[in-house]
Amino acid sequence: EDGIRDSSVTGVQTCALPISTVLVLEDVHWSDPASQRWIGGVLDRIEAVPVVLVMTTRDLSRAPMIAAACSAATAEAVFLDGLSDTEVGELVTTATGDPSGPRLHRALGTAAGNPFVVLALLESFDAAGRLRHEAGRVELDASAGVAGPSELIGARLLRLGVSQRRLGQLAAGL
């Protein structure tokens, strides 16, 4: 394990020396102990190299080795919260041209302030013909129930072909 970690860290250093490099690691809270040790090794050895390491996590306490390495390294944590109700409203106005009505606003509350989910829900409602512009507001048609993020993801997965769904299943198992 140490040899693999050292070789890959050396690879990162070698790639970064001729040009500045950004290394992005997503969802590090899911990383196993070996991956956390690798990330710690990268953090320990890249300070003199033009590398920016960007890590995303929901909860760094679930990755204690990375938290410790970040504390020891020159690291800056940037915490992002979900959008506020006001910001979701502004996003709706920007995306649709009108502020949201109360039914649409409640439906978008299932996104928990995640702007990507808000936009995906708007796109889904629009594609289904469920958005109505009335009296200076955009409103969700009340004729059907409100789909949340889980239903949205399920519907998108069903639109994939068999081979793409299989590839997604394999990738999810990694």
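The values are calculated or read from the model by the stated rules, or taken from the named source; none is laboratory data. Just so you know, these numbers come straight off a predicted model, no measurement behind them. Every residue, glycine as well, gets a Cβ built from its backbone with ideal geometry; the counts of neighbours run over all protein chains shown. Just the protein is used for accessible areas: all its heavy atoms, side chains included, with ligands, DNA and RNA removed. Shrake-Rupley method; radii C 1.70, N 1.55, O 1.52, S 1.80 Å.
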## Note on the structure
Projecting the Cα atoms of G101, L83, P115 onto the charge dipole of region 72-115, where Lys and Arg contribute +1 and Asp and Glu -1 at Cβ, the residue farthest towards the positive end is G101
### Extension gain from E26 to E134, taking 0.36 nm per residue of separation minus the Cα-Cα distance
34.8 nm
## Note on the structure
Given 20 °C, 1.002 mPa s and a Kirkwood radius over Cα pairs, the Stokes-Einstein diffusion coefficient of region 9-120 in µm²/s is 130 µm²/s
### At R0 = 41 Å, FRET efficiency that the Cβ-Cβ distance of R166 and E123 yields, to 0.05
0.95
### Query
Which value, in Å² and to the nearest 10, is the accessible area of L170 when all protein chains are kept and the probe is 1.4 Å?
90 Å²
### Residues whose placed amide H lies under 5 Å from that of V51, excluding near-sequence neighbours
T21
### Task
Grab the beta carbon distance between L80 and S143, set R0 = 35 Å, and tell me the FRET efficiency rounded to 0.05.
0.50
### HN-Hα J in Hz across region 130-136 - Karplus 6.51, -1.76, 1.60, θ = phi - 60°, x for Gly and Pro
9, 9, 10, 8, 9, 6, x
### Task
Any chance you could list P(r) for region 17-81, counting all Cα-Cα pairs in 5 angstrom bins from zero, rounded to whole %?
4, 17, 30, 27, 14, 6, 1, 0
### Query
At a Förster radius of 41 Å, what calculated FRET efficiency corresponds to the Cβ-Cβ distance of S8 and L158, to the nearest 0.05?
0.65
### Backbone HN-Hα couplings from phi across region 95-112 [Karplus 6.51/-1.76/1.60, Hz, Gly and Pro as x]
6, 10, x, 9, x, 7, x, x, 5, 5, 4, 5, 4, 6, x, 5, 7, 6
### Query
In what order, largest first, do D27, D44 sit by accessible area if the probe radius is 1.4 Å?
D44, D27
### Point-to-point label distance, A48-S61, nm (Cα→Cβ direction, 7 Å offset)
3.7 nm
